[in-house]
Structure formats: C-alpha cells, structure tokens
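Enquirer: One structure is given below, represented as structure tokens, and several questions about it will come after.
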Amino acid sequence: MDNIPEEIMKIQSSYCQAVPSVRDAHKFIEDLILFLFPIKDNQRPGIKETRLKYTQLEIELEELLKPVASSLKGSPEELSEIFFNSLHPVYLDLLEEAKGYLQHDPASYNIEEVLLCYPGFYAVTVYRLSHILYKLDIPILPRIISEHAHSKTGIDIHPGATIGKKFFIDHGTGIVIGETTIIGENVKIYQGVTLGALHVDKKMSNTKRHPTIEDNVIIYAGSTILGGETLIGHDSVIGGNVWLTSGVDPGTIVYHRPQIEYRNGKKFSGPKNDDKDKSI
C-alpha cells in the first residue's frame, strides 16, 4: 500500500506533460469576449481602459502558450501578436452575424439580446476565436477553448472546421460539427444537426472525413449528414430528421416522410354520438 502513490506518479509521468491551464484558458476566452462585446459587463470603457485591457489579453495568451512553447512555430510573444492582428476582421464578421440573427429569428428584437442570450452566437464566437489559434498550429489550447463553449451550450464545433461568413445557428443544442467540415456562407443550422464522419478510424486522421455544405443551405432540426465526400449543393434545404451519406445537387429539397399507421388498423374519427353527455 505504501508504494501506491509512487506507482501512480510513475504512470502519470507518461502522460502528464505541460499543457495550458484549463482554468486560465476559460478565463482568457471569457475576458476576450467581454472585451469585444462589453455589453456583457454593462460597461463601455474608454480608450485608455480599452488599450490596457488589450495589452492584458496579449499577456494572458502569451502565458497560456508558454507551457507548449517547444511545440510552437514561433515564440509565445510572436504568436500572440499574430492572433491579435487577426482579430479585427473576425470581430467585424461576428457583428455581421449578430445582425443576421436579428434578421432571421422572429424571436429576437435587438442586437443586445443576441449578444447576451443566444447560445448559437456564443458558440460561433468561441469557434471563430479558437479557429485562429488552430490555424497557427497551437496544440491543445484551441480544443480547451472550444470544449468550454460545448459545455456551456451543448454545441460541439471543432476548431478545425472551416465555416464561412453569416453562419446562423438557431437553438443549437445537440449540434455536432466535425474537424474537416467545410461550410459555405449564409448557412443556417438548427438544433440536433450532426455533420460527422461516416465511420471512426484513427487512420483517417489526416483525411477529409466530414461533409461539405455549400452556400445558402438550410439544415433543419435532427438531420445527420456524414462522410468526407458528401457535398450538399448550394441553395438546398435539408428537412428535419433526414439521414444523408451521399451528396445532393444544388437547389435540392430533401425531407423525411413520416410513416403513419392507425391504432388497431382504423383511423380515429372522434367520440361516437352515444358517448356524448346526454344531459346537454
């Protein structure tokens, strides 16, 4: 019994390598979102406070990158600078997407409501920020950040996915978007949609495993689209609960036809006259 702690430590030494702090990574992404959309803190900071916060965020990211510095293609300082230089166009795209939520969802009444209350917009925001890190070949950190959004919203977007502008997620719970998914512009996805691999095989790590969705496609709730060669043509509509493992042409409407059967083989026609209250 006395040797158990030592044995545990020996095992742990084989996989407990230096990684970014999960707690600090979650704090960084929340601080960054608050910097971009200060309405979440009910404040509008001045230019001095904004510059100070910007510098603090740069330092936060540098500190997160230091544990994996040996695996980086550049120093933590250089990669932090690249990340923040890439931030402005992404920020403008996110503002356009927020306006899209206001345009498409009849339940939304102003931009502030979208920024504060929409899990789909939050998940897409975290995806777009983690995707910058992913493209910089930074290990582990993009997944830590994306899984933070997954745990909060139920929306699982791999930071490696490629998603075009004006992406709209309604409700969102249960959505899965795999690493090699490619999504065009102006695509709308509803809750319970899976864009996944046709089968799981470790040998496929460096291959296109997930589908391609072209521009102006709508995918309704509960649909599953699988496979790296599956292409959904532009301007198509995929109805609810559809299962696809092959592509469809542009402008296609695909829907699931429910099978309707009657209990006891007879259509219910309502209560008989004899069953009505005779006192009326």
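Enquirer: Considering only residues of the range 224-280 that are at pLDDT below 85 and not in a loop (DSSP other than H, G, I, E, B), which is farthest from G174 (Cα to Cα)?
Expert: By that ranking, first place goes to D274.
Enquirer: Given the criteria touching an Asp or Glu at 6+ places or on another chain (Cβ under 6 Å), closer than 21 Å to G239 by Cβ and in contact (Cβ under 8 Å) with a residue 12 or more places away in the chain, does G184 qualify?
Expert: It is true that G184 is touching an Asp or Glu at 6+ places or on another chain (Cβ under 6 Å), closer than 21 Å to G239 by Cβ and in contact (Cβ under 8 Å) with a residue 12 or more places away in the chain.
Enquirer: Under 7 Å between Cβ atoms, at least 6 apart or on separate chains: pull out the pairs that start in the range 219-234 with a residue that is assigned by TED's automatic domain parsing to the domain that holds G174 and buried (at least 19 other Cβ atoms within 10 Å of the Cβ) and end on any residue that is aromatic (F, W, Y) and modelled with pLDDT of 95 or more.
Expert: I219/Y190; Y220/Y190
Enquirer: Show the residue pairs meeting these rules: Cβ distance below 8 Å; 6+ apart or different chains; first residue within the range 91-103 and exposed (fewer than 14 other Cβ atoms within 10 Å of the Cβ); second residue in a helix (DSSP H, G or I).
Expert: Taking only residues 6 or more apart or on different chains, the pairs are K99/I111.
Enquirer: Does any residue of the range 132-146 turn out to be of a type in the set (D, E), surrounded by fewer than 21 Cβ atoms within 10 Å (Cβ to Cβ) and outside any loop (DSSP other than H, G, I, E, B)?
Expert: No, because not a single residue in the range 132-146 is of a type in the set (D, E), surrounded by fewer than 21 Cβ atoms within 10 Å (Cβ to Cβ) and outside any loop (DSSP other than H, G, I, E, B).
Enquirer: Okay, next question. Do we have any residue at all in the range 112-132 that's outside the structural domain of E179 (by TED's automatic domain parsing), of a type outside the set (A, V, I, L, M, F, W, C) and under 19 Å from I59 (Cα atoms)?
Expert: Checked against the condition, which is being outside the structural domain of E179 (by TED's automatic domain parsing), of a type outside the set (A, V, I, L, M, F, W, C) and under 19 Å from I59 (Cα atoms), the range 112-132 yields at least one hit.
Enquirer: Same structure again: Would you mind finding the one in L61, L65, L57 that is farther than 25 Å from F168 by Cα and in contact (Cβ under 8 Å) with a residue 40 or more places away in the chain?
Expert: The match here is L65.
Let's see how each residue does on (1) more than 22 Å from the chain's Cα centre (by Cα); (2) within 30 Å of F83 (Cβ to Cβ); (3) touching a residue at least 60 places away in the same chain (Cβ under 8 Å):
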residue	(1), (2), (3)
N3	yes, no, no
E6	yes, no, no
R23	no, yes, no
I29	no, yes, yes
F37	no, yes, yes
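Enquirer: Tally up the residues in the range 155-189 that are assigned to a strand (DSSP E or B) and either of a type in the set (K, R) or crowded, with 22+ Cβ neighbours inside 10 Å (or both), please.
Expert: So the answer is 6.
Enquirer: Within the range 114-126, identify whether any single residue is over 27 Å from E179 (Cα atoms), in contact with a strand residue (DSSP E or B) (Cβ under 7 Å, 6 or more places away or on another chain) and in contact (Cβ under 8 Å) with a residue 40 or more places away in the chain, and answer yes or no.
Expert: Within the range 114-126, none of the residues are over 27 Å from E179 (Cα atoms), in contact with a strand residue (DSSP E or B) (Cβ under 7 Å, 6 or more places away or on another chain) and in contact (Cβ under 8 Å) with a residue 40 or more places away in the chain.
Enquirer: Select the helices (runs of 4 or more DSSP H) contained entirely in the range 1-83, then report the ones holding at least 1 residues which are surrounded by 13 or more Cβ atoms within 10 Å (Cβ to Cβ), in contact with a Phe, Trp or Tyr (Cβ under 8 Å, 6 or more places away or on another chain) and not acidic (D, E).
Expert: So the answer is 22-36, 47-65.
The values are calculated or read from the model by the stated rules, or taken from the named source; none is laboratory data. These figures come from a predicted structure and were not determined experimentally. Note that we place each Cβ from the backbone using ideal geometry, even for glycine, and neighbour counts take in every protein chain shown.
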